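Have a look at the structure below, then the notes.
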Amino acid sequence: MTRIHFPVSSHFARPFASGAVWLATGLLCVGAAAQEVDLSNLASLAFHKTQGEWTSHQGSSGLRVTEPADGQNSDEDKLVIIDMPFTDGAIEVELSGEPAPGAAGGARGFVGVAFHVQPDGEAFEAFYIRPTNGRAEDQLRRNHSTQYIAYPDYPWHRLREETPGLYEAYSDLVPGEWTRYRVEVEGERARLYLHGNEQPTLLVNDLKLAGQTGAIALWIGPGTVAHFRNLSITAE
């Protein structure tokens with residue numbers, strides 16, 4: 001299998017005197033190299049309330065992730081856990097999401113990445129996208145295209161009710177299309193970048209699990225068919 005990863009590109013970084021790298025956001029990634037994750041090796045992945053297969057999507061090979069037929073519910077802890085410790089650093093992947101056939105009307109193709117994942121998925125933080133919102137004719141839905149959550153204490157509905165608009169933002173998205181996704185984490189701060197843009201789509205300055213070490217996981221929401229490819233992790 002040919003493995004591909006996304007190195008830190010010139011528009012994300014510049015040399016620093018200590019030999020470290022400053023990311024464009026001001027987040028520091030110290031002397032770390034990107035590690036590629038072979039998503040085709042299903043035996044190395046822990047499927048938590050999910051199921052997966054290596055298949056083709058839009059002409060490219062990737063990991064297809066869905067809910068088990070007998071496990072469809074509104075839980076936010078649908079994960080494919082990767083056993084790699086992560087506290088601060090960067091996560092890059094290409095992903096796509098779309099509503100599953102027969103999904104409820106509220107399905108949006110929820111898909112993203114979780115980090116600081118604690119054992120058995122009992123707690124984690126995540127950035128995810130709602131692809132069907134990206135080009136909706138309702139402006140309010142467009143404003144909810146991207147989302148940060150911290151499971152289990154800060155689900156999306158609590159954050160939206162208590163701090164409207166603070167943990168969500170707009171991005172142009174198309175259901176089922178491959179989307180470039182990057183998250184940078186440093187201490188209490190995290191930034192979500194989409195489509196290779198230099199500027200972040202969503203900023204969070206008060207991560208709820210800041211400083212905790214945990215695993216990384218691919219994340220899906222209810223009623224979703226998701227695909228992932230080209231996962232690369234830079235951990236400090």
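Figure legend. Inter-residue proximity from the range 126-146: first residues in contact (Cβ under 8 Å) with a residue 12 or more places away in the chain and among the basic types (K, R), second residues part of a strand (DSSP E or B) and buried (at least 22 other Cβ atoms within 10 Å of the Cβ), beta-carbon distance below 8 Å, spacing 6+ or different chains. Indicated pairs: R130/T146; R130/Q147. Listed by first and then second residue, the pairs linking a residue in the range 187-199 that is aliphatic (A, V, I, L, M) to a residue that is assigned to a loop (DSSP other than H, G, I, E, B) and modelled with pLDDT under 95, with Cβ atoms under 9 Å apart and 6 or more places separating them unless they lie on different chains, are A190/L27. Scanning the range 183-236 for residues that are over 29 Å from H57 (Cα atoms) and in a loop (DSSP other than H, G, I, E, B) yields a total of 12. Of everything in the range 200-222 that's in contact (Cβ under 8 Å) with a residue 24 or more places away in the chain and polar (S, T, N, Q), which residue is nearest to N41 (Cα to Cα)? Filtering the range 200-222 for residues that are in contact (Cβ under 8 Å) with a residue 24 or more places away in the chain and polar (S, T, N, Q), the one nearest to N41 (Cα to Cα) comes out as T213.
Residue-by-condition table, conditions (1) small (G, A, S); (2) surrounded by 15 or more Cβ atoms within 10 Å (Cβ to Cβ):
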{"position": "E161", "(1), (2)": "no, no"}
{"position": "E168", "(1), (2)": "no, yes"}
{"position": "S171", "(1), (2)": "yes, yes"}
{"position": "P175", "(1), (2)": "no, yes"}
{"position": "E184", "(1), (2)": "no, yes"}
{"position": "G187", "(1), (2)": "yes, no"}
{"position": "A190", "(1), (2)": "yes, yes"}
{"position": "T201", "(1), (2)": "no, yes"}
{"position": "V204", "(1), (2)": "no, yes"}
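For beta carbons closer than 6 Å, sequence separation of 6+ or different chains, a first residue in the range 223-236 that is in contact (Cβ under 8 Å) with a residue 24 or more places away in the chain and a second that is of a type in the set (K, R) and assigned to a strand (DSSP E or B), the qualifying pairs are H227/R64. Residues that are at pLDDT 95 or above, of a type in the set (S, T, N, Q) and in contact with a Gly (Cβ under 6 Å, 6 or more places away or on another chain) occur in the range 80-96; there is at least one. Q58 meets all of the listed conditions (1) under 19 Å from the mean Cα position of the chain (by Cα); (2) at pLDDT 95 or above but one, namely (1).
Scanning the range 53-65 for residues that are more than 30 Å from G211 (Cβ to Cβ) and crowded, with 18+ Cβ neighbours inside 10 Å yields H57, G62.
The values are calculated or read from the model by the stated rules, or taken from the named source; none is laboratory data. Since the structure is predicted, the reported quantities are computational estimates derived from the model, not experimental observations. Please note: Cβ atoms are built from the backbone with ideal geometry, for glycine as well, and neighbour counts cover all protein chains shown.
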